[in-house]
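Written below as structure tokens is the structure these notes are about.
The values are calculated or read from the model by the stated rules, or taken from the named source; none is laboratory data. Quick caveat, the model's predicted, so the values are computed rather than measured. With ideal geometry, Cβ positions are generated from the backbone for all residues, glycine too; neighbour counts draw on all protein chains shown.
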Amino acid sequence: MTIKEEIMQAAYGAGEIMRSAPPAVDYAGSKTGHANYVTEYDSRVQEYLLQRLSAVLPEANFVGEENGKEVFREEYAKGYTFVVDPIDGTSNFMKAYRPSVTSIALLKDGKPWIGVIYNPYTDQMFHAQAGCGAYENDSRIFSSEAPLSDSLVSMGTAPYYEEEVSRSAFLLGHWYLLRSIDIRRSGSAAWDICMVAAGHIGLFFEPRLCLWDFAAGACILQEAGGSITAMDGTELNWRTSSSILAVSRGAAAGDYLPPRELMAGKPI
Ligand code: IPD
Ligand code: CA
Ligand code: CA
């Protein structure tokens, strides 16, 4: 089995744990900020993935959301690092609203090399390896060639950051609503990026995301011909949390960068 196939097997196992949960799951604790919950399943899936992925590549570092290592360490810039979001879409998971997915990136020398995102409720496995194409299950995927004006836009925003962050999300949502077919909000950033990669969504944005939310999706989207940058169009450094703009081939061919005032949470 290749390393990517072994990671996919680990993601299937994570999905089994998620599917074993009752339909509605209460939170076991909360993290910094408003409504930033963690359930026993977030911790269980992460623990399972830590064990399972350590066996796949014993020399790799492991960064998981639930051990809270937000700060990139210099040692991750060389060799292999797993960056894992055990359940992306925790508030969906708690309410049995879908999707919730497992997101696993393998960084090589500090950049995404393999990306695996699995939705256990629909059995959709998105996967890519740098230079080898992106796939949904066994089918090759490509981002859409439609212009932004003929595309759906998906947005994300979290309630647990400073108010300017959510204000800018809603200002930007309105700006994109007037330039696209309509706006969607899934509740899972990793899933949103897969939807751009698979051609269903033309552009996804969110004012602040962590590396575990976007690293696997970035690999999948880039292999599907799309692009991923910060919201001002600058390159990601793969080290810190960042604003995210994930764009299809068609949307990228036109004007898609939003005004700076809106990104700062100021109306125009
Ligand atoms: C969240 C989801 C959500 C996004 C938040 C993320 P979590 O991740 O991806 O869609 O809007 O910013 O924090 O907490 O469900 O892993
Ligand atoms: Ca997440
Ligand atoms: Ca999570």
Hey, any hits in region 234-248 for a residue that's surrounded by fewer than 18 Cβ atoms within 10 Å (Cβ to Cβ), within 26 Å of residue 132 (Cβ to Cβ) and at pLDDT 95 or above? yes
Can you tell which of 152, 107, 148 is over 27 Å from residue 185 (Cα atoms), in contact (Cβ under 8 Å) with a residue 40 or more places away in the chain and of a type in the set (A, V, I, L, M)? 107
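How many residues are touching a helix residue (DSSP H, G or I) at 6+ places or on another chain (Cβ under 8 Å) and more than 19 Å from residue 34 (Cβ to Cβ) when one looks only at region 151-168?
Number of matching residues: 3.
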Wholly inside region 1-101, helices (runs of 4 or more DSSP H) that include 2 or more residues that are in contact with a His (Cβ under 7 Å, 6 or more places away or on another chain) are 3-19
Can you tell me which of (1) within 16 Å of ligand 2 (Cβ to nearest atom); (2) over 14 Å from the mean Cα position of the chain (by Cα); (3) of a type in the set (D, E, K, R) is the one residue 239 doesn't meet? (1)
Look at region 256-267 and say how many of its residues are without any contact (Cβ under 8 Å) to a residue 60 or more places away in the chain and closer than 10 Å to residue 147 by Cα. 0
Going by the structure shown, is residue 114 closer than 15 Å to residue 6 by Cα, of a type in the set (Val, Ile, Thr) and away from ligand 3 (no atom under 16 Å from the Cβ)? yes
Pull up region 1-49, narrow it to residues that are among the aromatic types (Phe, Trp, Tyr) and either more than 18 Å from the chain's Cα centre (by Cα) or not assigned by TED's automatic domain parsing to the domain that holds residue 112 (or both), then point me to the one that is farthest from residue 61 (Cα to Cα). 27
Residues that are surrounded by fewer than 22 Cβ atoms within 10 Å (Cβ to Cβ) and within 14 Å of ligand 1 (Cβ to nearest atom), drawn from region 67-89: 67, 68, 70
Quick one: in region 225-254, which of the residues that are in contact (Cβ under 8 Å) with a residue 12 or more places away in the chain and of a type in the set (Ser, Thr, Tyr) is farthest from residue 172 (Cα to Cα)? 240
In region 163-198, anything out of contact with any Gly (no Cβ under 7 Å at 6 or more places or on another chain), away from ligand 2 (no atom under 13 Å from the Cβ) and closer than 17 Å to residue 118 by Cα is listed as 195, 198
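Looking at 126, 214, 205, can you tell me which residue is within 16 Å of ligand 1 (Cβ to nearest atom) and assigned by TED's automatic domain parsing to the domain that holds residue 87?
That would be 126, the only listed residue that is within 16 Å of ligand 1 (Cβ to nearest atom) and assigned by TED's automatic domain parsing to the domain that holds residue 87.
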Some residue of region 155-169 being surrounded by fewer than 20 Cβ atoms within 10 Å (Cβ to Cβ), under 27 Å from residue 133 (Cβ atoms) and in contact with an Asp or Glu (Cβ under 8 Å, 6 or more places away or on another chain): no
